[in-house]
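To start, the structure itself, in structure tokens.
The values are calculated or read from the model by the stated rules, or taken from the named source; none is laboratory data. The structure displayed is predicted, hence computed values, not measured ones. Neighbour counts are summed over all protein chains in view; Cβ atoms, including those assigned to glycine, are modelled from backbone coordinates with ideal geometry. When the accessible area is computed, the model is the full protein with side chains, heavy atoms only, and any ligands, DNA or RNA have been set aside. Shrake-Rupley method; radii C 1.70, N 1.55, O 1.52, S 1.80 Å.
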Amino acid sequence: MPNGVTAVRTVGDLRAHLAPWRKAGERIALVPTMGALHAGHLSLVTLAKSKADRVVVSIFVNPIQFGPREDFKTYPRDEAGDLDKLRKAGADLVFAPDIAEMYPQGFSTKVSVDDLTEDLCGANRPNHFDGVATVVSKLLLQCGPDLAIFGEKDYQQLLVIKRLVRDLNIQVEILGGEIVREGDGLALSSRNAYLSPAERKTAPLLHQTISEVAAVLAQGEGADAACVAGRFKLEAAGFRVDYVAVRDPDTLKPLSGPVKRARVLAAAYLGKTRLIDNVPVPPTNR
Ligand code: AMP
């Protein structure tokens, strides 16, 4: 199969495929995903291809980052479709381990990043970032890439991963990829598939609202008032708001009053679907 993409399921097979590339001095990028791939994921593969000689994509729905009442069982899975998309996008190798390969009997180690994880998504999803930090640490150690790419869509996650790599001296460069959106502004997400047609119509208001918050902040309005107005607007449209927050873009510390540089982050439910999004201050023209 020309330009075919090989899928491996074990750490041993992964390393066997990587060894000759490494021996040849090729630069290897890893793009971790949970599958059900969309254009957002594929943009990370494109970015990876522009920065490295070889691109490895992992597909693993990581059970330990889901809470007991969350959607681990129903999370969309489409491996055949994913492999086809990755072949077309030019990935070199797919690592798709099963749960026993990642968490064998007796697995008892946890990677936990304090400080960045207490609030925002961490407040409503206890243990979520421990699950993310643990699986990403494993993937980085299994693959040993020169570069790993994560989406800004999960902004808090991106900062958590940068911190853990720094704190544990893992020799890898972490790059963030820009958020890919639908034409109406809704950030692409595998979970968008859960939205009913009516919810899908309402969903772009999340991006619209945080963009408005970013715009008024750029004009000098205080962060607290802007967040309250944003929350109110979302609630009036039927969202159950988890948070609308203005944070330091590097530390995620809360900001109040007028701000120069910040990130506006929000999480809100439409029905059962939890949507997240974020935009920079000052706003970009995207
Ligand atoms: P997931 O499969 O949801 O774990 O996402 C895998 C990677 O793709 C993460 O680094 C996400 O931040 C990133 N990602 C998800 N959605 C988007 C998007 N709309 N634009 C850019 N990156 C994304």
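For the chain, the mean residue ellipticity at 222 nm estimated from helices alone is -11500 deg cm²/dmol, where every DSSP H run of n ≥ 4 contributes -39500 (n - 2.57) and the total is divided by all residues, rounded to the nearest 500.
Applying the Kirkwood pairwise sum to the alpha-carbon positions of the stretch 115-192 produces a hydrodynamic radius of 13.6 angstrom. Of the chymotrypsin sites (Phe, Trp or Tyr not before Pro) found in the stretch 42-136, those that fall in a DSSP loop while having at most 16 other beta-carbon atoms within 10 Å are 72, 107. Can you check what the net charge comes to around residue 174, using other residues whose Cβ is under 14 Å from the Cβ of residue 174 (Lys, Arg +1; Asp, Glu -1)? With Lys, Arg at +1 and Asp, Glu at -1, the net is -2.
Each peptide in 114-121, 87-94 receives the mean, over its residues, of other Cβ atoms within 10 Å, and ordering these scores from highest gives 87-94, 114-121.
Partners of residue 85 within straight-line reach, counting lysines whose Cα lies under 21 Å from its Cα and excluding those fewer than 8 residues away in the same chain: 49, 51, 153. Start at zero, step by 5 Å, and the Cα-Cα distances of the stretch 158-223 spread as 3, 14, 15, 14, 13, 16, 14, 9, 2, 0 percent across the bins. Here's the picture: charge each Lys and Arg Cβ at +1 and each Asp and Glu Cβ at -1 in the chain, and of 232, 36, 256 the one pushed furthest to the positive end of that dipole is 36.
Percent of Cα-Cα pairs more than 18 Å apart in the stretch 228-274, please. Summing the P(r) tail past 18 Å for the stretch 228-274 gives 36 percent. Residue 133 sits among other residues whose Cβ lies under 14 Å from its own Cβ, and their net charge, with Lys and Arg +1 and Asp and Glu -1, is 0. In vacuum, with every alpha carbon of the stretch 56-161 counted as one equal point scatterer, what does the Debye formula give for log10 I(q)/I(0) at q = 0.16, 0.22 Å⁻¹? Two decimals, please. Ignoring solvent entirely, the Cα scatterers give -0.83, -1.47. Hey, if you put +1 on the Cβ of every Lys and Arg and -1 on every Asp and Glu Cβ in the stretch 90-191, which of 160, 145, 134 ends up farthest toward the positive end of that dipole? With unit charges placed on the Cβ atoms, the residue in question is 134.
Counted over the stretch 166-286 with a bin width of 10 Å, the fraction of Cα pairs per bin, in whole percents, is 13, 42, 31, 12, 2. Computed over protein heavy atoms with a 1.4 Å probe, the carbon and sulfur contribution to the accessible area of the chain reaches 52%. Taking the Cα centre of the stretch 109-174 as origin and assigning +1 to Lys and Arg Cβ atoms and -1 to Asp and Glu Cβ atoms, the resulting dipole is close to 180 debye. Calculated on C-alpha atoms, the gyration radius of the chain divided by its Kirkwood radius gives an Rg/Rh of 0.97.
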